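Taking it in order: structure first as structure tokens, then the write-up.
Bear in mind that the values in this text are calculations on the coordinates, not laboratory data. These numbers come from a predicted model, not from an experiment. Ideal geometry is used to build each Cβ from the backbone, glycine not excepted, and the neighbour counts take in all protein chains shown.
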Amino acid sequence: MNQTFYAVFGNPVLHSKSPQLFSPLLENKPNSFFTRIRPRSAEDLVNIVRSLDIKGASITSPFKESVLHLIDKIHPAAAEIGAVNCIRQKNGYIEGNNTDHAGVTGALCESGASLQGMRVLVLGAGGAAKAAIYGLINAGAKVTISNRTFAKAEKLAASFGCETIPWQEHAKSRRFDAIVSALLPEAMPPFMDKLEYAVFLDAIYKPSALTAYTKNRGIPVIGGERWLIHQGAEAAAFFLGEKPEPAILAQKLNEKPDRDKLRIFVLTRSSLRDFCQSAHDLVISGFGLNETTINNLIDEEKELAFGG
């Protein structure tokens, strides 16, 4: 029986919604499965893709940048952003792309925004912020960047030709058509009360201080799920060969795995041959690890995904 496996790689990874996102696309593909895999390193990730013949995968933190120089072909968006968020593999040849930028532009366009000439403030200077800036600029938006570490914002602005706002600026009010946040959930820039903006897009799909603040001001909020769905549509086009409608990817997004019925598989040299025998909710790379360490990793994943 020929089986085809897809995955999301991350550390941690059990919280990832990628299996729910892509599973509707696999329902009409017999013996195709999507799982979550926690590798030990970027090198381990690449080895797992080849040894398990993973046909396509989403790549999440902390491997988006470290895997960049380990794969065979980098597509232009990933090269310019400096990070990979999806890969495809055939006969051991791995290609990497970045579709995170489509999550930003797709979510904003879906809300009715016109990106050409749009004034957008991007908060943050990490991988998600880079992808947002790349997508917005290529769509014709005018981008300004702010980040707690101003040197990072300046470096990013210089590479993309953007303006910056110092994190501690309080002196004057500014108006933007949209704010895109790639900050941690608890982050709150000190100048928010000086900003006027028409819509807010949050990269994360957990509750955040900025989302709550914006809602309290009566400003429309686009949740991180829309970002996830629109980047997922482009990722599916890359490693599944078909671009679905966003509504299809949203069908099972709010489903959660059952903590008490988790199907967990530990990869070791002796267990590799058994991987294809069934579907898995979580795969732990256990190469060279003792049983206690592996159990600790599993407990950590459960706690981060479900709480204590």
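Among the residues of segment 130-143, is any part of a strand (DSSP E or B), among the hydroxyl-bearing types (S, T, Y) and buried (at least 17 other Cβ atoms within 10 Å of the Cβ)? No, segment 130-143 has no match at all.
Residue count for segment 180-193, restricted to those that are within 11 Å of V104 (Cα to Cα) and among the aliphatic types (A, V, I, L, M): 2.
Answer yes or no: is there a residue in segment 47-61 that is acidic (D, E) and more than 15 Å from the chain's Cα centre (by Cα). There is at least one residue in segment 47-61 that is acidic (D, E) and more than 15 Å from the chain's Cα centre (by Cα). Taken over segment 280-297, the criterion of being without any contact (Cβ under 8 Å) to a residue 24 or more places away in the chain and touching a strand residue (DSSP E or B) at 6+ places or on another chain (Cβ under 8 Å) is satisfied by G286 alone. Filtered by the rule that a residue be of a type outside the set (D, E) and part of a strand (DSSP E or B), segment 159-176 gives T164, R174, R175, F176. Within segment 132-162, how many residues are without any contact (Cβ under 8 Å) to a residue 60 or more places away in the chain and within 19 Å of L108 (Cβ to Cβ)? So the answer is 16. The condition of being within 28 Å of C276 (Cα to Cα), in contact (Cβ under 8 Å) with a residue 60 or more places away in the chain and of a type in the set (D, E, K, R) holds for only one of K252, K261, K243, that being K252.
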